[in-house]
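Encoded as structure tokens, the structure appears first; notes follow it.
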Amino acid sequence: MAFFIVYFYSMPLVYSFVIPVYNRPEEIQELLHSIQALNGSIPFEVVIVDDGSELKSDKAISLFSSLTIKYYYKENTGPGDSRNFGMRQANGDYFIILDSDCLLSPDYLISVHRSLKESFIDCFGGPDKAHASFNFRQKAISFVMTSFLTTGGVRGGQKALKRFEPRSFNMGLSRSAFEESGGFGDLHPGEDPELVHRLWDLGFDSTLIKEALVYHKRRITWLSYLRQIYKFGLARSILNQQHPKYSSVVFWLPTLLVVMAIMALFLACYGLPYLLIAGGSYLFLITLVALVQLMDLRALYMIPMIFAIQNLAYAAGFLNGWWALSVFKKAPRKRFSNMFFK
């Protein structure tokens, strides 16, 4: 057995990029340009799963004849099932799962390959940030979603307040981990941490490869951003019920911040402004750091607004789920059926 393990890991890894897409052929074209520009000569293929799109991606894909691409069109069953479909069609030893609205850094695959060769692991995640070409709103949202000051590093910073859970916009999975776990479930959003929790239960581990960087474009409106964050909070409450041993006080922090903000305003009305001053100073620090990083005066008003939306929407979703599932003991699939793909 020991000989087999040594022999297996001395073999060259072959990677399969697995990318679900829905009505976004222009994103696939941009992502494939970044894949085409990858440095190194590490073998890989690209598996694109068109999840019942009205705007198909086949014409965009045909422009990249230099890449080994498999393209599949199927009925709409959601991103998790589409990723599973793609992994079943892939030939690689190791799957790299990406969202269609991402771009890869040039040394992405080199960094992944080096890390797995030095210390093989069955599941990894990488960080995301904004590309210089993104518009300011995308850069500002990226800052608020990824800064340690705002999210505690849970999305892939160099520090984290809890065990790292890879996210499916930038996630690696070994074939054995996929086959043993069965891949993604039907919860959405939240299918990525749900899979990671099951992998941990099966004895697989996960890690952050901080050099495996993607640029996450997030083409969203303010309303869709609010809805997305609300669903993130709701999904976390569902995950806490399904996998309670992986729940953490960290997931209560946005709710705590909202409660503290309300308390600060209430106390200030009665001549006790100290909590409001402390909270305002913290928000000023976040805005100042963003201003230095983004080098744009629009950060002075946009960062506080995004930070408020992120915490309020997440707390609303999280509390709604906690109240229904933990207090009233409702079944998640019945109470929040819209969070599960049929």
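The values are calculated or read from the model by the stated rules, or taken from the named source; none is laboratory data. Computed from a predicted model, the values in this text were never measured in an experiment. With ideal geometry, Cβ positions are generated from the backbone for all residues, glycine too; neighbour counts draw on all protein chains shown.
Couple of notes before you dig in:
- Every residue from region 202-250 that is among the β-branched types (V, I, T) and touching a Cys at 6+ places or on another chain (Cβ under 8 Å): T207, V214
One line per residue, one yes/no per condition, for (1) outside the structural domain of G182 (by TED's automatic domain parsing); (2) touching a Phe, Trp or Tyr at 6+ places or on another chain (Cβ under 7 Å); (3) within 23 Å of G183 (Cβ to Cβ); (4) modelled with pLDDT of 95 or more:
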| site | (1), (2), (3), (4) |
| --- | --- |
| D205 | no, no, yes, yes |
| K210 | no, no, no, no |
| Y215 | no, no, no, yes |
| V249 | yes, no, no, no |
| I262 | yes, no, no, yes |
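- The number of residues in region 171-190 that are touching a Phe, Trp or Tyr at 6+ places or on another chain (Cβ under 8 Å) and either polar (S, T, N, Q) or closer than 16 Å to I96 by Cα (or both) comes to 8.
- Pair list, Cβ < 9 Å and 6+ apart or interchain, from region 275-288 residues that are within 23 Å of I141 (Cβ to Cβ) and touching a residue at least 24 places away in the same chain (Cβ under 8 Å) to residues that are in a helix (DSSP H, G or I) and aromatic (F, W, Y): L283/F307; I286/F143; I286/F307
- Filter result for K70 (surrounded by fewer than 17 Cβ atoms within 10 Å (Cβ to Cβ), charged (D, E, K, R) and either in a helix (DSSP H, G or I) or in contact (Cβ under 8 Å) with a residue 40 or more places away in the chain (or both)): no
- Test: residue in region 251-268 that is in contact with a Pro (Cβ under 8 Å, 6 or more places away or on another chain) and touching a residue at least 40 places away in the same chain (Cβ under 8 Å): no
Per-residue answers, yes or no, for (1) farther than 19 Å from T151 by Cβ; (2) free of Cβ contacts under 8 Å to residues at least 12 places away in the same chain; (3) surrounded by fewer than 20 Cβ atoms within 10 Å (Cβ to Cβ):
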{"residue": "I303", "(1), (2), (3)": "no, no, no"}
{"residue": "I306", "(1), (2), (3)": "no, no, no"}
{"residue": "I309", "(1), (2), (3)": "no, no, yes"}
{"residue": "A315", "(1), (2), (3)": "no, no, no"}
{"residue": "F318", "(1), (2), (3)": "no, no, no"}
{"residue": "V327", "(1), (2), (3)": "yes, yes, yes"}
{"residue": "P332", "(1), (2), (3)": "yes, no, no"}
{"residue": "R335", "(1), (2), (3)": "yes, yes, yes"}
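- Residue count for region 32-44, restricted to those that are among the polar types (S, T, N, Q), part of a loop (DSSP other than H, G, I, E, B) and at pLDDT 95 or above: 1
- Residue that is farthest from L319 (Cα to Cα) [pool: residues in region 227-257 that are of a type in the set (V, I, T) and surrounded by 18 or more Cβ atoms within 10 Å (Cβ to Cβ)]: I229
- Test for A177: is it out of contact with any Ser or Thr (no Cβ under 7 Å at 6 or more places or on another chain), in a helix (DSSP H, G or I), modelled with pLDDT of 95 or more and under 30 Å from A37 (Cα atoms): yes
- Test: residue in region 129-144 that is under 12 Å from the mean Cα position of the chain (by Cα), modelled with pLDDT under 95 and in a strand (DSSP E or B): yes
- Residue check, F17 closer than 21 Å to A212 by Cβ and within 20 Å of the chain's Cα centre (by Cα): yes
Residue-by-condition table, conditions (1) assigned to a helix (DSSP H, G or I); (2) at pLDDT 95 or above; (3) surrounded by fewer than 21 Cβ atoms within 10 Å (Cβ to Cβ):
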| residue | (1), (2), (3) |
| --- | --- |
| E30 | yes, yes, yes |
| V46 | no, yes, no |
| K56 | no, yes, yes |
| F64 | no, yes, yes |
| I110 | yes, yes, yes |
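- Evaluation of D192 against the conditions (1) buried (at least 19 other Cβ atoms within 10 Å of the Cβ); (2) closer than 24 Å to Q310 by Cα; (3) touching a residue at least 40 places away in the same chain (Cβ under 8 Å) shows that the sole unmet condition is (3).
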